[in-house]
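K.L.:
So that we are looking at the same thing, I have put the structure below in structure tokens.
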Amino acid sequence: MPKVALTTLGCKVNQFETETMEGLFKQKGYEIVPFEEKADFYVINTCSVTSLGDRKSRQIIRRAKRQNEQAIIAVCGCYAQVHPEEIKAIEGVRVVLGTKERSRIVEYVEQAAREDGILDEVGNIMEARDFEDIPLYDMPQRTRAFLKIEDGCQNFCSYCIIPYARGPVKSRHLDKIYAEAKKLVEAGFKEIVLTGIHLGAYGRDLPEDVNLADACREVLKVEGLKRLRLGSLESIELSPELFELIRQDERFCAHLHLPLQAGSDAVLKDMNRHYDTAEFARLIEHVEREVPGVAVSTDIIVGFPGETEEQFQQGLDFVAKMNFSRMHVFPYSRRSGTPAAERKDQIPEPVKKERVHRMQALAASKSEEFHKMFIGKTMRVLFETNTEGITDGLTDNYIRVYTDDEVVCGELYEVRLARLYKDGAFAKVVEKV
Ligand code: SF4
């Protein structure tokens, strides 16, 4: 039986896509082995969101080659889509795919094994119009299941390479979403996380008049589902229909990840983001009013070209006024081919680093403030992993909870949050739900 090893860099969409490719190999009788093992075929699903993603992708490709000189190495994903020439120049690479055509991955690696040379199947992603629908064959080895319902983005934020790597918005049909969600719930998953590159744009490309709220309703129709969570969304795309659903259906997790990216209006404008800080604050206020106890997490980029110390300080002041439950802080990463990369006023690395530290310190104190509000409260937790007698999982509003009580991973429990602990809280179990 031929052995194949797959690995993923980057986001949850990539993770989901690797899981679907793994299923395609299993259906053809391949044995899936851990990436660290010697395999006949290696598949590397790359990321290009930062220069670090590119570098790690190259390192992993070289590692696969060291593990088995004779292996067929296939590289796909965002980095391969944007810079296929760089990928092809790495010794050992035999197949290059971009962000489509992954449904034919098995066919391509088998063709590469029969022929000499490099098989380059990276097409023009700007011409891709349909969602590449690969049904799940096998169930993911996780407690929460990701379900990809959309691909692509046409927002063209000035720093972002993703629209060039993923092309225009492509949405999955509602009937397919329902069928996949049902499969996941029947396999025992309690929570489904809907993911996409530009989730809020779901449905814009479909002939029928559907949107993200319709996709959520479709998943919520599945009997036995305990939780539905949304992946990252643009704040300005939150609709009254979505609020209505979150309020009405207690399975809808009170957690929204809404990327702010910058807390200075001038920087937001340069980033080609279509809101200012006042509008963002108004939206968050609305979210907090409509969904009590909601967690709003966010992303921030610091050191965007031309960001002055004063603008960075405005960002700190703005964040200090918000109740973010969690923040992912990134230094700006220059992506060639994007407008921001062409700018002459790049911020020196040491300045970016120092700003990241200051923003991260604020992020840590904001998280702590948020977590403190729930100490003493009873909440539901879906437990995920056990390490040395301590099990951790997430509340519906995304607080990481730890316990030393006996619990089963993959099951929901009612717990009482006792005290702050690590990146969340320590709890005692009240009962199994
Ligand atoms: S919305 Fe902006 S940051 Fe997000 S994927 Fe699209 S272009 Fe990139």
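The values are calculated or read from the model by the stated rules, or taken from the named source; none is laboratory data. The structure presented is a predicted model; accordingly, all values stated were derived computationally and were not measured. Neighbour counts are summed over all protein chains in view; Cβ atoms, including those assigned to glycine, are modelled from backbone coordinates with ideal geometry. In case anyone asks, the SASA skips ligands and DNA or RNA and just uses the protein heavy atoms, side chains included. Shrake-Rupley method; radii C 1.70, N 1.55, O 1.52, S 1.80 Å.
K.L.:
What GluC sites (Glu not before Pro) in segment 115-182 are in a loop by DSSP, with at most 15 other Cβ atoms within 10 Å of the Cβ? Display every interim value, and only then the final one.
P.N.:
Details: sites: E115, E121, E127, E132, E150, E180; in loops: E115, E121, E132.
Here the GluC sites (Glu not before Pro) that fit, given the DSSP loop and packing criteria, are E115.
K.L.:
For L119 and E186 in the same chain, what is the full-extension length gain: residue separation times 0.36 nm, less their Cα-Cα distance, in nm? Mind showing how you got there, number by number?
P.N.:
Numbers: separation 67, 0.36 × 67 = 24.12 nm, distance 3.85 nm.
Here the answer is 20.3 nm.
K.L.:
Can you give the extra length, in nm with one decimal, that the chain gains between E250 and E127 once fully stretched, where that is 0.36 nm per residue apart less the Cα-Cα distance? Can you show the working numbers first?
P.N.:
Values: separation 123, 0.36 × 123 = 44.28 nm, distance 4.00 nm.
Length difference between fully extended and current span is 40.3 nm.
K.L.:
With every protein chain left in place, what is the accessible area of L283 in Å² (1.4 Å probe, nearest 10)?
P.N.:
Approximately 40 Å² for this residue.
K.L.:
Which loop-located GluC sites (Glu not before Pro) does segment 1-97 contain, where loop means any DSSP state but H, G, I, E or B and the Cβ has at most 12 other Cβ atoms within 10 Å?
P.N.:
On the way: sites: E17, E19, E22, E31, E36, E37, E69, E85, E86, E91; in loops: E36, E37, E69, E91.
Passing sites in segment 1-97 are E36, E37, E69, E91.
K.L.:
Right, next: Could you sort L97, L316 by accessible area so the largest value comes first, with the probe set to 1.4 Å?
P.N.:
Numbers: L97 0, L316 20 Å².
Of L97, L316, the descending order of accessible area is L316, L97.
K.L.:
Once fully extended, how much extra length lies between E431 and E411, figured as 0.36 nm per residue of separation less the alpha-carbon to alpha-carbon distance?
P.N.:
Values: separation 20, 0.36 × 20 = 7.20 nm, distance 1.11 nm.
Net length gain for the segment: 6.1 nm.
K.L.:
May I ask for the distance between the Cα centers of segment 30-66 and segment 151-176, given as a whole number of Å?
P.N.:
Going from one Cα centre to the other spans 24 Å.
K.L.:
With viscosity set to 1.306 mPa s at 10 °C, what whole-number translational diffusion coefficient in µm²/s follows for segment 52-182 from Stokes-Einstein and a Kirkwood radius over Cα pairs?
P.N.:
97
K.L.:
On to the next question. Return the calculated 222 nm mean residue ellipticity for the chain, to the nearest 500 deg cm²/dmol, obtained by summing -39500 (n - 2.57) across DSSP H runs with n ≥ 4 and dividing by the residue count. Show your work: numbers first, answer last.
P.N.:
Working: 14 runs with 150 residues, N = 433.
Calculated mean residue ellipticity at 222 nm is -10500 deg cm²/dmol.
K.L.:
Further question on the same structure: Quantify how much of the Cα-Cα distance distribution of segment 126-253 extends past 16 Å, in percent.
P.N.:
On the way: 4998 of 8128 pairs.
For segment 126-253, the share of Cα pairs beyond 16 Å comes to 61 percent.
K.L.:
Sort K182, K170 from largest to smallest accessible area, using a 1.4 Å probe on the heavy atoms of the protein chains. Kindly include the intermediate steps, with their values, before the conclusion.
P.N.:
On the way: K182 80, K170 10 Å².
Output order, biggest surface exposure first: K182, K170.
K.L.:
Suppose R0 equals 60 Å. What FRET efficiency, 1/(1 + (r/R0)^6) with r the Cβ-Cβ distance, do Q346 and K28 give to the nearest 0.05?
P.N.:
Numbers: r = 47 Å, r/R0 = 0.78.
Approximately 0.80, to the nearest 0.05.
K.L.:
Enumerate the lysines that K344 could reach by cross-link, defined here as Cα to Cα under 21 Å, with residues fewer than 8 away along the same chain left out.
P.N.:
The reachable lysines, counting only those whose Cα sits under 21 Å from K344, are K269, K352, K353.
K.L.:
Once R0 is set to 22 Å, what does the formula 1/(1 + (r/R0)^6) return for the Cβ-Cβ distance between R204 and Y178, expressed as a FRET efficiency to the nearest 0.05? Walk me through the numbers before you get to the answer.
P.N.:
Numbers: r = 20 Å, r/R0 = 0.90.
Working from the Cβ atoms, E equals 0.65.
K.L.:
Express as a percent, rounded to the nearest 5, the fraction of DSSP beta bridges in the chain (both residues included) that run antiparallel.
P.N.:
Working: 25 of 66 bridges.
Roughly 40 percent of the beta bridges in the chain run antiparallel, per DSSP.
K.L.:
Still on this structure, I have one more. Dividing the Cα convex hull volume of the chain by residue count, how many Å³ per residue is that? The partial results should precede the final answer.
P.N.:
Details: hull volume 64.9 nm³, N = 433.
Per residue, the Cα convex hull of the chain comes to 150 Å³.
K.L.:
Taking all protein chains together and a probe of 1.4 Å, list I118, I161 from the most accessible to the least accessible.
P.N.:
Values: I118 80, I161 5 Å².
These residues rank, largest area first, as I118, I161.
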